[in-house]
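Just below is one structure, and these are the notes that go with it.
The values are calculated or read from the model by the stated rules, or taken from the named source; none is laboratory data. In this text the structure is predicted, and so the values were computed from the model without any measurement. For neighbour counting, all protein chains shown are included, and Cβ atoms are generated from backbone atoms with ideal geometry for every residue, glycine included. For the accessible areas, the whole protein counts, side chains as well, though only heavy atoms, and no ligand, DNA or RNA atoms are used. Shrake-Rupley method; radii C 1.70, N 1.55, O 1.52, S 1.80 Å.
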Amino acid sequence: MTASPSIHCRDLTLSYRRHPAVHHLTGTFAPGSFTAIVGPNGAGKSTLLKGIVGLVRPDGGTIEVTGARRSDIAYLPQQAALDRGFPMRVLDLAAMGLWRRTGPFRRIGAALLGEVEAALDAVGLSGFEDRMVGSLSGGQFQRALFARLLLQDARLILLDEPFAAIDARTADALLGLVGRWHGEGRTIIAVLHDFHAVRQHIPETLLIARDPIAWGPTSEVMTEANIARSRGLDEAFDTDAELCERPAA
Amino acid sequence: MTTFNLLVAPFLEFGFMRRALIGCLALSLSGAPIGVFLVLRRMSLMGDVMSHAILPGAAVGFLLSGFSLFAMTLGGVVAGLAVALAAGFISRTTPLKEDASFASFYLVSLGLGVLIVSLKGSNVDLLHVLFGNVLALDDPAIYLIASIATVTFLAFAVVYRLLVAECFDPGFLRSVGGAGGAVHFLFLVLVVLNLVGGFNALGTLMVVGLIILPAASSRFWSESIGGQIIAAALIAVVSSYVGLVVSYHVAVPTSPAIILTAGAIHALSLLLGRHGSFLRQMLRAQHLRG
(Lines give C-alpha, C1' and ligand atoms only; values in the text may rest on other atoms or scores of the structure.)
Protein backbone atom coordinates (compact mmCIF):
# COMPACT_ATOMS: atom_id res chain seq x y z
CA MET A 1 0.00 0.00 0.00
CA THR A 2 1.15 3.54 -0.67
CA ALA A 3 2.04 5.92 2.15
CA SER A 4 -0.90 6.99 4.32
CA PRO A 5 -2.16 10.55 3.89
CA SER A 6 -1.57 13.23 6.49
CA ILE A 7 -3.06 16.67 7.05
CA HIS A 8 -1.23 19.73 8.28
CA CYS A 9 -3.16 22.71 9.59
CA ARG A 10 -1.14 25.87 10.03
CA ASP A 11 -2.79 28.74 11.93
CA LEU A 12 -6.05 27.72 10.26
CA THR A 13 -9.15 29.89 10.54
CA LEU A 14 -12.44 28.87 8.89
CA SER A 15 -15.48 31.09 9.22
CA TYR A 16 -19.06 31.73 8.19
CA ARG A 17 -19.75 35.34 7.24
CA ARG A 18 -16.48 36.39 8.95
CA HIS A 19 -17.39 34.80 12.30
CA PRO A 20 -14.78 32.14 12.95
CA ALA A 21 -15.95 28.54 13.43
CA VAL A 22 -12.40 27.22 13.66
CA HIS A 23 -9.95 29.72 15.10
CA HIS A 24 -6.13 29.64 14.73
CA LEU A 25 -5.70 25.85 14.64
CA THR A 26 -2.21 24.46 14.18
CA GLY A 27 -1.33 20.78 14.17
CA THR A 28 -1.01 17.57 12.22
CA PHE A 29 -3.21 14.55 11.62
CA ALA A 30 -0.39 12.02 11.27
CA PRO A 31 -0.26 9.40 8.49
CA GLY A 32 -2.40 6.39 9.40
CA SER A 33 -3.74 8.07 12.56
CA PHE A 34 -7.27 7.63 13.88
CA THR A 35 -8.45 10.88 15.48
CA ALA A 36 -11.70 11.81 17.17
CA ILE A 37 -12.80 15.45 16.97
CA VAL A 38 -14.73 16.30 20.13
CA GLY A 39 -16.29 19.52 21.39
CA PRO A 40 -19.55 21.29 22.20
CA ASN A 41 -22.14 22.26 19.57
CA GLY A 42 -20.95 25.10 17.39
CA ALA A 43 -17.32 24.30 18.14
CA GLY A 44 -16.36 24.06 14.47
CA LYS A 45 -16.00 20.27 14.25
CA SER A 46 -18.02 19.82 11.06
CA THR A 47 -16.53 22.97 9.58
CA LEU A 48 -13.04 21.57 10.04
CA LEU A 49 -13.99 18.42 8.09
CA LYS A 50 -15.55 20.56 5.35
CA GLY A 51 -12.37 22.60 5.25
CA ILE A 52 -10.29 19.45 4.74
CA VAL A 53 -12.55 18.24 1.92
CA GLY A 54 -12.43 21.70 0.36
CA LEU A 55 -16.11 22.61 0.82
CA VAL A 56 -15.16 25.61 3.00
CA ARG A 57 -12.19 27.81 2.15
CA PRO A 58 -9.77 29.00 4.84
CA ASP A 59 -10.04 32.65 5.87
CA GLY A 60 -6.54 32.49 7.17
CA GLY A 61 -3.74 29.96 7.45
CA THR A 62 -3.54 26.77 5.42
CA ILE A 63 -4.70 23.16 5.26
CA GLU A 64 -2.33 20.89 3.43
CA VAL A 65 -3.31 17.32 2.60
CA THR A 66 -0.34 15.17 1.59
CA GLY A 67 -0.50 11.66 0.19
CA ALA A 68 -4.07 11.91 -1.04
CA ARG A 69 -5.62 13.58 -4.03
CA ARG A 70 -9.04 15.03 -3.58
CA SER A 71 -10.64 11.93 -5.05
CA ASP A 72 -8.82 9.73 -2.48
CA ILE A 73 -10.81 11.39 0.32
CA ALA A 74 -14.05 9.80 1.48
CA TYR A 75 -16.34 12.16 3.35
CA LEU A 76 -19.47 11.11 5.23
CA PRO A 77 -21.60 14.20 5.93
CA GLN A 78 -24.13 14.48 8.74
CA GLN A 79 -27.20 12.45 7.93
CA ALA A 80 -29.56 15.37 8.27
CA ALA A 81 -28.04 16.78 5.10
CA LEU A 82 -29.49 13.99 2.94
CA ASP A 83 -33.04 13.35 1.71
CA ARG A 84 -33.84 9.99 3.30
CA GLY A 85 -36.90 9.54 1.09
CA PHE A 86 -34.98 9.83 -2.16
CA PRO A 87 -36.36 7.39 -4.77
CA MET A 88 -33.27 5.22 -5.10
CA ARG A 89 -32.46 1.58 -4.40
CA VAL A 90 -30.05 0.64 -1.61
CA LEU A 91 -27.88 -0.96 -4.28
CA ASP A 92 -27.67 2.31 -6.23
CA LEU A 93 -26.77 4.26 -3.10
CA ALA A 94 -23.89 1.92 -2.24
CA ALA A 95 -22.76 1.77 -5.88
CA MET A 96 -22.10 5.52 -5.81
CA GLY A 97 -18.95 4.51 -3.92
CA LEU A 98 -17.57 3.12 -7.19
CA TRP A 99 -17.52 6.62 -8.65
CA ARG A 100 -13.75 6.84 -8.87
CA ARG A 101 -13.74 3.73 -11.07
CA THR A 102 -16.95 4.14 -13.05
CA GLY A 103 -17.14 7.92 -13.31
CA PRO A 104 -20.39 9.36 -14.57
CA PHE A 105 -20.60 7.17 -17.68
CA ARG A 106 -19.02 3.72 -17.39
CA ARG A 107 -21.14 0.62 -17.01
CA ILE A 108 -21.31 -1.23 -13.70
CA GLY A 109 -20.63 -4.80 -14.82
CA ALA A 110 -21.05 -8.10 -13.00
CA ALA A 111 -17.67 -7.90 -11.24
CA LEU A 112 -18.35 -4.44 -9.79
CA LEU A 113 -21.90 -5.48 -8.90
CA GLY A 114 -20.38 -8.35 -6.93
CA GLU A 115 -18.26 -5.84 -5.00
CA VAL A 116 -21.32 -3.75 -4.19
CA GLU A 117 -23.12 -6.83 -2.87
CA ALA A 118 -20.09 -7.80 -0.79
CA ALA A 119 -19.95 -4.29 0.70
CA LEU A 120 -23.64 -4.42 1.61
CA ASP A 121 -23.04 -7.82 3.16
CA ALA A 122 -20.15 -6.41 5.21
CA VAL A 123 -22.42 -3.82 6.81
CA GLY A 124 -25.19 -6.35 7.40
CA LEU A 125 -27.49 -5.22 4.63
CA SER A 126 -27.43 -8.24 2.32
CA GLY A 127 -30.93 -8.89 1.02
CA PHE A 128 -31.68 -5.14 1.04
CA GLU A 129 -30.25 -4.52 -2.46
CA ASP A 130 -33.58 -3.85 -4.16
CA ARG A 131 -35.26 -2.09 -1.24
CA MET A 132 -35.88 1.61 -1.69
CA VAL A 133 -33.72 3.91 0.43
CA GLY A 134 -36.88 5.48 1.87
CA SER A 135 -37.88 2.20 3.53
CA LEU A 136 -34.69 2.01 5.62
CA SER A 137 -34.52 2.92 9.29
CA GLY A 138 -32.00 5.53 10.42
CA GLY A 139 -29.43 2.91 11.40
CA GLN A 140 -29.88 0.93 8.18
CA PHE A 141 -29.50 4.11 6.13
CA GLN A 142 -26.26 4.85 7.94
CA ARG A 143 -25.03 1.32 7.21
CA ALA A 144 -25.82 1.80 3.52
CA LEU A 145 -23.67 4.96 3.60
CA PHE A 146 -20.89 2.92 5.20
CA ALA A 147 -21.17 0.39 2.37
CA ARG A 148 -20.63 3.30 0.01
CA LEU A 149 -17.56 4.32 2.04
CA LEU A 150 -16.23 0.75 1.85
CA LEU A 151 -16.46 0.82 -1.94
CA GLN A 152 -14.75 4.19 -2.13
CA ASP A 153 -11.70 2.42 -0.74
CA ALA A 154 -10.29 5.82 0.23
CA ARG A 155 -6.95 6.44 1.93
CA LEU A 156 -8.32 9.34 3.96
CA ILE A 157 -11.73 8.94 5.59
CA LEU A 158 -13.67 11.78 7.24
CA LEU A 159 -16.78 10.92 9.25
CA ASP A 160 -19.17 13.60 10.59
CA GLU A 161 -21.14 12.23 13.53
CA PRO A 162 -21.34 8.78 11.97
CA PHE A 163 -23.09 7.21 14.97
CA ALA A 164 -25.61 9.93 15.82
CA ALA A 165 -29.15 8.60 16.19
CA ILE A 166 -28.32 4.93 15.67
CA ASP A 167 -28.59 2.12 18.21
CA ALA A 168 -25.62 0.85 20.20
CA ARG A 169 -25.39 -2.47 18.34
CA THR A 170 -25.15 -0.79 14.92
CA ALA A 171 -22.70 1.75 16.29
CA ASP A 172 -20.49 -1.04 17.64
CA ALA A 173 -20.55 -2.90 14.33
CA LEU A 174 -19.69 0.22 12.36
CA LEU A 175 -16.99 1.22 14.84
CA GLY A 176 -15.47 -2.25 14.32
CA LEU A 177 -15.42 -1.57 10.60
CA VAL A 178 -13.70 1.78 11.11
CA GLY A 179 -11.16 0.06 13.39
CA ARG A 180 -10.36 -2.36 10.57
CA TRP A 181 -9.79 0.57 8.19
CA HIS A 182 -7.39 2.01 10.77
CA GLY A 183 -5.56 -1.34 10.84
CA GLU A 184 -5.17 -1.12 7.06
CA GLY A 185 -3.18 2.09 7.43
CA ARG A 186 -5.88 4.49 6.35
CA THR A 187 -6.00 7.93 7.98
CA ILE A 188 -9.32 8.47 9.75
CA ILE A 189 -10.92 11.51 11.38
CA ALA A 190 -14.34 11.22 13.03
CA VAL A 191 -16.50 13.86 14.71
CA LEU A 192 -18.00 12.13 17.75
CA HIS A 193 -20.17 12.97 20.75
CA ASP A 194 -19.91 9.77 22.76
CA PHE A 195 -17.00 10.45 25.18
CA HIS A 196 -17.09 6.88 26.45
CA ALA A 197 -16.60 5.42 22.96
CA VAL A 198 -13.86 7.95 22.22
CA ARG A 199 -11.94 7.03 25.39
CA GLN A 200 -12.31 3.31 24.67
CA HIS A 201 -11.69 3.06 20.95
CA ILE A 202 -10.02 6.13 19.45
CA PRO A 203 -6.27 6.57 19.96
CA GLU A 204 -6.02 10.32 19.22
CA THR A 205 -8.34 13.20 20.05
CA LEU A 206 -8.65 16.83 19.05
CA LEU A 207 -10.75 18.74 21.58
CA ILE A 208 -11.98 21.94 20.04
CA ALA A 209 -14.26 24.78 21.09
CA ARG A 210 -13.78 27.13 18.15
CA ASP A 211 -10.25 27.63 19.51
CA PRO A 212 -8.32 24.37 19.88
CA ILE A 213 -8.27 23.18 23.51
CA ALA A 214 -6.04 20.10 23.30
CA TRP A 215 -4.75 17.71 20.67
CA GLY A 216 -2.88 14.43 21.20
CA PRO A 217 -3.29 10.96 22.68
CA THR A 218 -6.87 10.53 23.85
CA SER A 219 -5.99 9.79 27.48
CA GLU A 220 -4.06 13.06 27.77
CA VAL A 221 -6.66 15.15 25.96
CA MET A 222 -9.90 13.91 27.52
CA THR A 223 -9.19 15.12 31.04
CA GLU A 224 -11.90 16.69 33.19
CA ALA A 225 -10.04 20.00 33.18
CA ASN A 226 -9.88 20.16 29.38
CA ILE A 227 -13.52 19.17 28.94
CA ALA A 228 -14.62 21.79 31.46
CA ARG A 229 -12.61 24.37 29.55
CA SER A 230 -14.27 23.39 26.24
CA ARG A 231 -17.70 23.84 27.82
CA GLY A 232 -16.93 27.48 28.53
CA LEU A 233 -17.63 28.22 24.85
CA ASP A 234 -20.43 30.67 24.36
CA GLU A 235 -22.42 29.01 21.58
CA ALA A 236 -23.84 32.06 19.90
CA PHE A 237 -21.20 34.17 18.27
CA ASP A 238 -20.90 37.73 19.41
CA THR A 239 -22.62 39.95 16.84
CA ASP A 240 -20.50 42.91 17.90
CA ALA A 241 -17.25 40.97 17.87
CA GLU A 242 -14.21 43.06 17.14
CA LEU A 243 -11.65 42.18 14.53
CA CYS A 244 -9.32 39.40 15.62
CA GLU A 245 -5.88 40.92 15.91
CA ARG A 246 -3.96 37.84 16.92
CA PRO A 247 -0.85 37.88 14.75
CA ALA A 248 -0.42 35.02 12.29
CA ALA A 249 1.91 32.38 13.69
CA MET B 1 -71.73 10.53 -31.76
CA THR B 2 -69.52 7.47 -32.23
CA THR B 3 -66.30 6.88 -30.35
CA PHE B 4 -64.41 7.39 -33.61
CA ASN B 5 -66.02 10.76 -34.17
CA LEU B 6 -65.34 11.70 -30.60
CA LEU B 7 -61.70 10.66 -30.27
CA VAL B 8 -60.11 10.35 -33.72
CA ALA B 9 -62.02 12.36 -36.30
CA PRO B 10 -60.92 15.85 -35.13
CA PHE B 11 -57.30 14.89 -35.77
CA LEU B 12 -58.02 13.35 -39.21
CA GLU B 13 -60.13 16.25 -40.28
CA PHE B 14 -58.03 19.22 -39.21
CA GLY B 15 -54.32 19.81 -39.74
CA PHE B 16 -54.16 22.28 -36.85
CA MET B 17 -55.39 19.56 -34.47
CA ARG B 18 -52.68 17.18 -35.68
CA ARG B 19 -50.01 19.86 -35.22
CA ALA B 20 -51.31 20.70 -31.79
CA LEU B 21 -51.23 17.02 -30.83
CA ILE B 22 -47.68 16.51 -32.11
CA GLY B 23 -46.41 19.65 -30.37
CA CYS B 24 -48.03 18.69 -27.09
CA LEU B 25 -46.77 15.10 -27.25
CA ALA B 26 -43.17 16.24 -27.78
CA LEU B 27 -43.53 18.70 -24.90
CA SER B 28 -45.07 16.03 -22.68
CA LEU B 29 -42.27 13.55 -23.29
CA SER B 30 -39.36 15.93 -22.73
CA GLY B 31 -41.11 17.75 -19.89
CA ALA B 32 -41.43 14.51 -17.92
CA PRO B 33 -37.79 14.02 -16.85
CA ILE B 34 -37.46 17.79 -16.36
CA GLY B 35 -40.46 17.83 -14.05
CA VAL B 36 -39.42 14.76 -12.07
CA PHE B 37 -35.99 16.23 -11.34
CA LEU B 38 -37.48 19.64 -10.52
CA VAL B 39 -39.71 17.95 -7.95
CA LEU B 40 -36.85 15.82 -6.60
CA ARG B 41 -34.67 18.88 -6.18
CA ARG B 42 -37.51 20.71 -4.40
CA MET B 43 -37.46 23.20 -7.25
CA SER B 44 -41.11 22.92 -8.36
CA LEU B 45 -41.64 26.60 -7.70
CA MET B 46 -38.41 27.37 -9.52
CA GLY B 47 -40.08 26.15 -12.72
CA ASP B 48 -42.83 28.66 -12.12
CA VAL B 49 -40.34 31.44 -11.51
CA MET B 50 -38.39 30.68 -14.65
CA SER B 51 -41.52 30.56 -16.76
CA HIS B 52 -42.35 34.07 -15.60
CA ALA B 53 -38.76 35.08 -16.10
CA ILE B 54 -38.77 34.19 -19.81
CA LEU B 55 -41.69 36.55 -20.31
CA PRO B 56 -39.82 39.87 -20.44
CA GLY B 57 -37.19 38.29 -22.71
CA ALA B 58 -39.80 36.97 -25.10
CA ALA B 59 -41.58 40.33 -24.86
CA VAL B 60 -38.46 42.20 -25.91
CA GLY B 61 -38.17 39.83 -28.87
CA PHE B 62 -41.80 40.58 -29.68
CA LEU B 63 -41.24 44.31 -29.35
CA LEU B 64 -38.29 44.24 -31.74
CA SER B 65 -39.62 41.92 -34.39
CA GLY B 66 -43.24 41.01 -33.75
CA PHE B 67 -44.27 37.37 -33.56
CA SER B 68 -40.87 36.12 -34.67
CA LEU B 69 -40.22 32.67 -33.31
CA PHE B 70 -36.46 33.16 -33.33
CA ALA B 71 -36.45 36.54 -31.58
CA MET B 72 -38.92 35.53 -28.89
CA THR B 73 -37.14 32.21 -28.26
CA LEU B 74 -33.73 33.79 -27.98
CA GLY B 75 -35.04 36.53 -25.69
CA GLY B 76 -36.79 33.96 -23.53
CA VAL B 77 -33.73 31.73 -23.14
CA VAL B 78 -31.46 34.64 -22.22
CA ALA B 79 -33.89 36.15 -19.71
CA GLY B 80 -34.77 32.78 -18.16
CA LEU B 81 -31.15 31.81 -17.57
CA ALA B 82 -30.23 35.25 -16.29
CA VAL B 83 -32.97 35.17 -13.67
CA ALA B 84 -32.25 31.58 -12.62
CA LEU B 85 -28.59 32.39 -12.08
CA ALA B 86 -29.25 35.74 -10.40
CA ALA B 87 -31.83 34.30 -8.01
CA GLY B 88 -29.49 31.45 -7.10
CA PHE B 89 -26.61 33.88 -6.59
CA ILE B 90 -28.64 36.16 -4.33
CA SER B 91 -29.93 33.34 -2.14
CA ARG B 92 -26.38 32.00 -1.75
CA THR B 93 -24.73 35.32 -0.93
CA THR B 94 -27.35 37.22 1.07
CA PRO B 95 -29.57 36.23 4.01
CA LEU B 96 -32.65 36.28 1.73
CA LYS B 97 -34.11 32.76 1.52
CA GLU B 98 -34.30 31.10 -1.87
CA ASP B 99 -38.11 31.19 -2.14
CA ALA B 100 -38.30 34.89 -1.27
CA SER B 101 -35.56 35.71 -3.74
CA PHE B 102 -37.29 33.71 -6.48
CA ALA B 103 -40.67 35.28 -5.70
CA SER B 104 -39.26 38.81 -6.00
CA PHE B 105 -37.72 37.98 -9.35
CA TYR B 106 -40.80 36.50 -10.85
CA LEU B 107 -43.09 39.29 -9.72
CA VAL B 108 -40.80 41.86 -11.31
CA SER B 109 -40.48 39.75 -14.45
CA LEU B 110 -44.23 39.43 -14.81
CA GLY B 111 -44.75 43.16 -14.45
CA LEU B 112 -41.95 43.93 -16.87
CA GLY B 113 -43.14 41.38 -19.42
CA VAL B 114 -46.74 42.58 -19.45
CA LEU B 115 -45.58 46.20 -19.72
CA ILE B 116 -43.30 45.49 -22.68
CA VAL B 117 -45.91 43.50 -24.60
CA SER B 118 -48.53 46.23 -24.15
CA LEU B 119 -46.06 48.87 -25.42
CA LYS B 120 -46.50 47.48 -28.89
CA GLY B 121 -49.24 44.92 -28.97
CA SER B 122 -52.88 44.58 -28.10
CA ASN B 123 -54.56 42.55 -25.38
CA VAL B 124 -54.80 39.70 -27.88
CA ASP B 125 -51.02 39.63 -28.21
CA LEU B 126 -50.67 39.67 -24.45
CA LEU B 127 -53.06 36.74 -24.12
CA HIS B 128 -51.13 34.86 -26.77
CA VAL B 129 -47.85 35.28 -24.91
CA LEU B 130 -49.31 34.49 -21.51
CA PHE B 131 -51.51 31.57 -22.46
CA GLY B 132 -50.21 30.43 -25.85
CA ASN B 133 -52.13 29.29 -28.86
CA VAL B 134 -51.65 25.61 -29.35
CA LEU B 135 -54.08 25.50 -32.27
CA ALA B 136 -51.90 27.90 -34.26
CA LEU B 137 -48.57 26.06 -34.14
CA ASP B 138 -46.75 26.47 -37.45
CA ASP B 139 -43.99 24.28 -38.87
CA PRO B 140 -41.04 26.21 -37.39
CA ALA B 141 -42.64 26.12 -33.94
CA ILE B 142 -43.13 22.37 -34.17
CA TYR B 143 -39.56 21.85 -35.36
CA LEU B 144 -38.37 23.96 -32.43
CA ILE B 145 -40.34 21.92 -29.90
CA ALA B 146 -39.20 18.63 -31.45
CA SER B 147 -35.55 19.74 -31.50
CA ILE B 148 -35.72 20.79 -27.87
CA ALA B 149 -37.26 17.43 -26.95
CA THR B 150 -34.47 15.60 -28.81
CA VAL B 151 -31.74 17.65 -27.15
CA THR B 152 -33.38 17.09 -23.76
CA PHE B 153 -33.47 13.31 -24.21
CA LEU B 154 -29.86 13.13 -25.38
CA ALA B 155 -28.68 15.34 -22.53
CA PHE B 156 -30.51 13.28 -19.92
CA ALA B 157 -29.10 10.05 -21.36
CA VAL B 158 -25.58 11.44 -21.01
CA VAL B 159 -25.73 13.09 -17.58
CA TYR B 160 -28.34 10.90 -15.86
CA ARG B 161 -26.00 9.38 -13.28
CA LEU B 162 -24.36 12.73 -12.55
CA LEU B 163 -27.74 14.37 -12.16
CA VAL B 164 -29.04 11.72 -9.75
CA ALA B 165 -25.85 11.92 -7.69
CA GLU B 166 -25.96 15.73 -7.65
CA CYS B 167 -29.58 15.62 -6.61
CA PHE B 168 -29.18 13.10 -3.78
CA ASP B 169 -25.82 14.09 -2.33
CA PRO B 170 -24.14 17.13 -3.90
CA GLY B 171 -21.43 17.11 -1.22
CA PHE B 172 -20.47 13.57 -2.19
CA LEU B 173 -20.27 14.45 -5.87
CA ARG B 174 -18.04 17.41 -5.10
CA SER B 175 -15.82 15.29 -2.88
CA VAL B 176 -15.23 12.75 -5.67
CA GLY B 177 -14.52 15.56 -8.10
CA GLY B 178 -17.71 15.22 -10.15
CA ALA B 179 -18.76 18.30 -12.06
CA GLY B 180 -21.75 19.10 -9.86
CA GLY B 181 -21.93 22.79 -10.71
CA ALA B 182 -21.78 22.14 -14.43
CA VAL B 183 -24.54 19.54 -14.19
CA HIS B 184 -26.74 21.92 -12.24
CA PHE B 185 -26.23 24.59 -14.88
CA LEU B 186 -26.95 22.17 -17.73
CA PHE B 187 -30.15 21.19 -15.95
CA LEU B 188 -31.19 24.86 -15.65
CA VAL B 189 -30.51 25.29 -19.38
CA LEU B 190 -32.73 22.31 -20.17
CA VAL B 191 -35.49 23.68 -17.95
CA VAL B 192 -35.39 27.04 -19.70
CA LEU B 193 -35.29 25.43 -23.16
CA ASN B 194 -38.36 23.34 -22.40
CA LEU B 195 -40.23 26.30 -20.97
CA VAL B 196 -39.38 28.40 -24.00
CA GLY B 197 -40.33 25.58 -26.38
CA GLY B 198 -43.60 25.14 -24.56
CA PHE B 199 -44.51 28.75 -24.32
CA ASN B 200 -45.38 28.99 -28.01
CA ALA B 201 -47.91 26.23 -27.53
CA LEU B 202 -49.28 26.70 -24.03
CA GLY B 203 -48.07 30.18 -23.07
CA THR B 204 -45.52 31.11 -20.45
CA LEU B 205 -47.89 30.63 -17.55
CA MET B 206 -49.47 27.33 -18.55
CA VAL B 207 -46.44 25.41 -19.79
CA VAL B 208 -45.16 24.83 -16.24
CA GLY B 209 -48.39 22.97 -15.50
CA LEU B 210 -47.65 20.35 -18.13
CA ILE B 211 -44.19 19.88 -16.61
CA ILE B 212 -44.88 19.96 -12.86
CA LEU B 213 -48.36 18.45 -12.48
CA PRO B 214 -47.52 15.08 -14.13
CA ALA B 215 -44.22 14.92 -12.19
CA ALA B 216 -45.94 15.65 -8.88
CA SER B 217 -48.55 12.97 -9.69
CA SER B 218 -45.91 10.41 -10.71
CA ARG B 219 -44.66 10.09 -7.13
CA PHE B 220 -47.91 8.30 -6.32
CA TRP B 221 -47.37 5.69 -9.05
CA SER B 222 -43.72 4.69 -8.83
CA GLU B 223 -40.98 4.65 -6.21
CA SER B 224 -38.04 4.79 -8.62
CA ILE B 225 -36.84 7.79 -10.61
CA GLY B 226 -37.07 5.89 -13.90
CA GLY B 227 -40.60 4.74 -13.09
CA GLN B 228 -41.60 8.26 -12.12
CA ILE B 229 -40.32 9.65 -15.42
CA ILE B 230 -42.33 7.07 -17.39
CA ALA B 231 -45.44 7.71 -15.28
CA ALA B 232 -45.05 11.48 -15.69
CA ALA B 233 -44.66 11.12 -19.47
CA LEU B 234 -47.79 8.95 -19.70
CA ILE B 235 -49.81 11.37 -17.58
CA ALA B 236 -48.65 14.35 -19.65
CA VAL B 237 -49.47 12.57 -22.93
CA VAL B 238 -52.94 11.59 -21.73
CA SER B 239 -53.57 15.12 -20.42
CA SER B 240 -52.53 16.66 -23.74
CA TYR B 241 -54.73 14.33 -25.77
CA VAL B 242 -57.78 14.56 -23.52
CA GLY B 243 -57.36 18.32 -23.19
CA LEU B 244 -57.27 18.76 -26.96
CA VAL B 245 -60.33 16.55 -27.52
CA VAL B 246 -62.31 18.29 -24.80
CA SER B 247 -61.42 21.76 -26.02
CA TYR B 248 -62.43 20.74 -29.56
CA HIS B 249 -65.84 19.36 -28.66
CA VAL B 250 -66.81 21.73 -25.88
CA ALA B 251 -65.19 24.77 -27.49
CA VAL B 252 -63.11 25.88 -24.50
CA PRO B 253 -59.56 27.28 -24.69
CA THR B 254 -56.98 24.53 -25.16
CA SER B 255 -54.19 25.23 -22.67
CA PRO B 256 -56.50 25.44 -19.66
CA ALA B 257 -58.24 22.27 -20.85
CA ILE B 258 -54.89 20.44 -20.95
CA ILE B 259 -53.72 21.78 -17.59
CA LEU B 260 -57.06 21.04 -15.91
CA THR B 261 -56.95 17.48 -17.25
CA ALA B 262 -53.49 17.13 -15.72
CA GLY B 263 -54.92 18.62 -12.54
CA ALA B 264 -57.75 16.07 -12.50
CA ILE B 265 -55.24 13.24 -12.95
CA HIS B 266 -53.22 14.74 -10.10
CA ALA B 267 -56.28 14.66 -7.86
CA LEU B 268 -56.92 11.03 -8.83
CA SER B 269 -53.28 10.17 -8.08
CA LEU B 270 -53.52 11.79 -4.65
CA LEU B 271 -56.64 9.78 -3.89
CA LEU B 272 -55.94 6.44 -5.55
CA GLY B 273 -52.23 6.17 -6.42
CA ARG B 274 -50.23 3.06 -5.60
CA HIS B 275 -47.78 4.71 -3.20
CA GLY B 276 -48.76 6.95 -0.32
CA SER B 277 -52.17 8.02 -1.64
CA PHE B 278 -55.13 8.49 0.67
CA LEU B 279 -56.52 5.13 -0.44
CA ARG B 280 -53.24 3.35 0.37
CA GLN B 281 -53.05 5.00 3.76
CA MET B 282 -56.58 3.84 4.56
CA LEU B 283 -55.82 0.28 3.43
CA ARG B 284 -52.65 0.27 5.48
CA ALA B 285 -54.55 1.02 8.67
CA GLN B 286 -54.59 -2.73 9.22
CA HIS B 287 -50.98 -3.52 10.01
CA LEU B 288 -49.00 -6.55 8.90
CA ARG B 289 -47.62 -9.24 11.17
CA GLY B 290 -43.95 -8.52 10.56
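Below is a table of values for the structure above.
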{"item": "Hydrodynamic radius by Kirkwood, which averages 1/r over all alpha carbon pairs of chain A, in angstrom", "result": "19.0 Å"}
{"item": "By average C-beta atoms within 10 angstrom, highest first, the peptides B:50-57, B:113-120", "result": "B:50-57, B:113-120"}
{"item": "All aspartates and glutamates inside 17 Å of residue A:45 as judged from Cα atoms, apart from same-chain residues fewer than 8 positions distant", "result": "A:11, A:59, A:160, A:161, A:194, A:204, A:211, A:234, A:235"}
{"item": "Size descriptor, Kirkwood hydrodynamic radius, that averages inverse alpha-carbon separations across region B:134-290, Å", "result": "17.6 Å"}
{"item": "Å² of accessible area per residue within the protein assembly as shown, as computed with a 1.4 Å probe and no ligands counted", "result": "46 Å²"}
{"item": "Carbon and sulfur %, accessible surface of region A:84-153 computed with the full protein complex present, 1.4 Å", "result": "51 percent"}
{"item": "Calculated on alpha-carbon atoms, Rg and Dmax of region B:22-177 in Å", "result": "17.2, 54"}
{"item": "Mean projected area (nm²) of the alpha-carbon convex hull when region A:84-153 is viewed from all directions", "result": "4.3 nm²"}
{"item": "Compactness of region A:1-138 as Cα Rg over 2.2 N^0.38 Å, two decimals", "result": "1.27"}
{"item": "Rounded to whole Å, sorted largest first: equivalent-ellipsoid semi-axes of the protein assembly as shown, Cα gyration tensor", "result": "51, 28, 19"}
{"item": "Residue order for B:122, B:28 - accessible surface, 1.4 angstrom probe, largest first", "result": "B:122, B:28"}
{"item": "Contact order relative to length of chain A, as percent, for alpha carbon pairs under 8 angstrom and 6 or more apart", "result": "28 percent"}
{"item": "Protein-only accessible surface order, largest first, of B:11, B:16 at 1.4 Å", "result": "B:16, B:11"}
{"item": "Charged-residue dipole, Cβ positions (Lys, Arg, Asp, Glu), the protein assembly as shown about Cα centre, Debye nearest 20", "result": "740 debye"}
{"item": "List A:55, A:151, ordered by accessible area with a 1.4 Å probe, largest first", "result": "A:55, A:151"}
{"item": "Rg(Cα) / (2.2 N^0.38 Å) computed for region B:151-216, rounded to two decimals", "result": "1.28"}
{"item": "Residue A:28-residue B:279 pseudo-label distance in nm [points 7 Å out on the Cα-to-Cβ vector]", "result": "6.7 nm"}
{"item": "Residues in region A:91-132 that, when all protein chains are in place, have 40 Å² or more less accessible area than the chain alone would give (probe 1.4 Å)", "result": "A:96, A:99, A:104, A:105, A:132"}
{"item": "Loop-located trypsin sites (Lys or Arg not before Pro) in region A:80-152 whose Cβ has at most 16 other Cβ within 10 Å (DSSP)", "result": "A:84, A:106, A:107, A:131"}
{"item": "Solvent-accessible area buried by B and A, counting both chains, probe 1.4 angstrom, square angstrom", "result": "2200 Å²"}
{"item": "Value of relative contact order over region A:84-153, rounded to a whole percent, pairs C-alpha under 8 Å and six or more apart", "result": "54 percent"}
{"item": "Apportionment of accessible area to carbon and sulfur, chain B, percent (1.4 Å)", "result": "72 percent"}
{"item": "Average silhouette area of region B:90-214, convex hull of alpha-carbon atoms, in square nanometres", "result": "9.9 nm²"}
{"item": "Loop-exposed chymotrypsin sites (Phe, Trp or Tyr not before Pro) per DSSP, neighbour cap 16 Cβ within 10 angstrom, longest uninterrupted part of chain A", "result": "A:106-236"}
{"item": "Span-like helix ranges in chain B, DSSP H, alpha carbon extent 24 angstrom or more, Kyte mean at least 0.5", "result": "B:15-40, B:44-65, B:69-93, B:98-120, B:139-168, B:180-202, B:225-250, B:254-272"}
{"item": "Computed helical MRE - 222 nm, the protein assembly as shown, DSSP H runs ≥ 4 contributing -39500 (n - 2.57), nearest 500", "result": "-19500 deg cm²/dmol"}
{"item": "Extent along principal axes [Cα atoms of region B:3-281; Å; largest to smallest]", "result": "58, 50, 32"}
{"item": "Accessible area of residue B:150 in the full protein assembly, 1.4 Å probe (Å², nearest 10)", "result": "80 Å²"}
{"item": "Whole-Å distance, taken between Cα centres, linking region A:183-201 and region B:173-239", "result": "43 Å"}
{"item": "Cα-based reach from residue B:97 at 19 Å (exclusive), listing aspartates and glutamates while leaving out same-chain residues under 8 positions away", "result": "B:48"}
{"item": "Length-normalised contact order for region B:3-281 - Cα pairs under 8 Å, 6+ apart - percent", "result": "27 percent"}
